[in-house]
């Protein structure tokens, strides 16, 4: 195991950085982190791993080889990130969240603790509450064609998902939609709508939400939701 030391980066104790890993300047890697771990079927250094500048990787995070991660990336403790993920700038991943393979997460997205994603596409500035599960396989166990079936959900930009939700395979949640906490989403959600329940159903439009404190006319009258 080796890496190129940089006076611009802070590397903690017991950190393992495999060959063919590039970490941008100004990054902080805390104790007991593993970066560039070879996935099954690959040797050390087979796959390139890129992490952009100003990353903050907290203790006990494991990032497999074959990921491309943008600037200002941060993790909580104990995050697991498998191979073939593409992650944009300014994305944060909460404590004990698992990113399995082949997710695409665009810039500005916040994923809280204890979430699970696989083959999921997340747009810009999406908020995902803690304990949310994104499913990708309609016929477990062992269907030989599952990667060619529905795959993971697609969450469009500015969508907001409350805590403890379950999103079924192949579902699309539209731009600026809101999913209430504890919902099970079994069908597509149109943009600018509020869905909640088990199964999740239409509640109202985003424009009909009210600010309970009366600070704003309604929620989401601030950037990035308005320009």
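From the residues in segment 136-158 that are free of Cβ contacts under 8 Å to residues at least 40 places away in the same chain and crowded, with 21+ Cβ neighbours inside 10 Å, which one is farthest from residue 108 (Cα to Cα)?
Of everything passing the filter in segment 136-158, 136 is farthest from residue 108 (Cα to Cα).
Is it the case that segment 194-206 has a residue that's over 22 Å from residue 136 (Cβ atoms), modelled with pLDDT of 95 or more, in contact with a helix residue (DSSP H, G or I) (Cβ under 6 Å, 6 or more places away or on another chain) and not in a strand (DSSP E or B)?
The answer is no, given that none of the residues of segment 194-206 is over 22 Å from residue 136 (Cβ atoms), modelled with pLDDT of 95 or more, in contact with a helix residue (DSSP H, G or I) (Cβ under 6 Å, 6 or more places away or on another chain) and not in a strand (DSSP E or B).
Could you check how many residues of segment 84-105 are more than 18 Å from residue 58 (Cβ to Cβ) and surrounded by fewer than 21 Cβ atoms within 10 Å (Cβ to Cβ)?
So the answer is 7.
Quick one: is residue 78 in a loop (DSSP other than H, G, I, E, B), within 17 Å of the chain's Cα centre (by Cα), surrounded by fewer than 21 Cβ atoms within 10 Å (Cβ to Cβ) and at positive phi?
For residue 78, the condition - in a loop (DSSP other than H, G, I, E, B), within 17 Å of the chain's Cα centre (by Cα), surrounded by fewer than 21 Cβ atoms within 10 Å (Cβ to Cβ) and at positive phi - is met.
Being surrounded by fewer than 19 Cβ atoms within 10 Å (Cβ to Cβ), in contact with a strand residue (DSSP E or B) (Cβ under 6 Å, 6 or more places away or on another chain) and over 16 Å from residue 12 (Cα atoms) is the filter here; which residues of segment 42-56 pass it?
50
Looking at 59, 39, can you tell me which residue is in a loop (DSSP other than H, G, I, E, B), within 24 Å of residue 114 (Cα to Cα), in contact with a strand residue (DSSP E or B) (Cβ under 9 Å, 6 or more places away or on another chain) and touching a residue at least 24 places away in the same chain (Cβ under 8 Å)?
The match here is 39.
Could you identify the single residue in 22, 72, 13 that is part of a loop (DSSP other than H, G, I, E, B), more than 23 Å from residue 125 (Cβ to Cβ) and at pLDDT 95 or above? Walk me through it before giving the result.
Working: 22 fails: part of a loop (DSSP other than H, G, I, E, B); 72 fails: more than 23 Å from residue 125 (Cβ to Cβ).
One residue alone meets the criteria, 13.
I'd like to know if segment 121-134 contains one or more residues that are over 19 Å from residue 200 (Cβ atoms), at pLDDT 95 or above and assigned to a loop (DSSP other than H, G, I, E, B).
yes
Looking at (1) more than 23 Å from residue 124 (Cβ to Cβ); (2) assigned to a loop (DSSP other than H, G, I, E, B), can you tell me which one residue 53 breaks?
That leaves (1) as the condition not met.
Within segment 135-155, is there a residue that is assigned to a strand (DSSP E or B), under 23 Å from residue 39 (Cβ atoms) and either in contact with a helix residue (DSSP H, G or I) (Cβ under 9 Å, 6 or more places away or on another chain) or modelled with pLDDT of 95 or more (or both)?
no
The values are calculated or read from the model by the stated rules, or taken from the named source; none is laboratory data. As the structure is a prediction and not an experimental result, all values here were calculated from the model. A quick note on method: Cβ atoms are made from the backbone with ideal geometry, for glycine too, and the neighbour counts reach across all protein chains shown.
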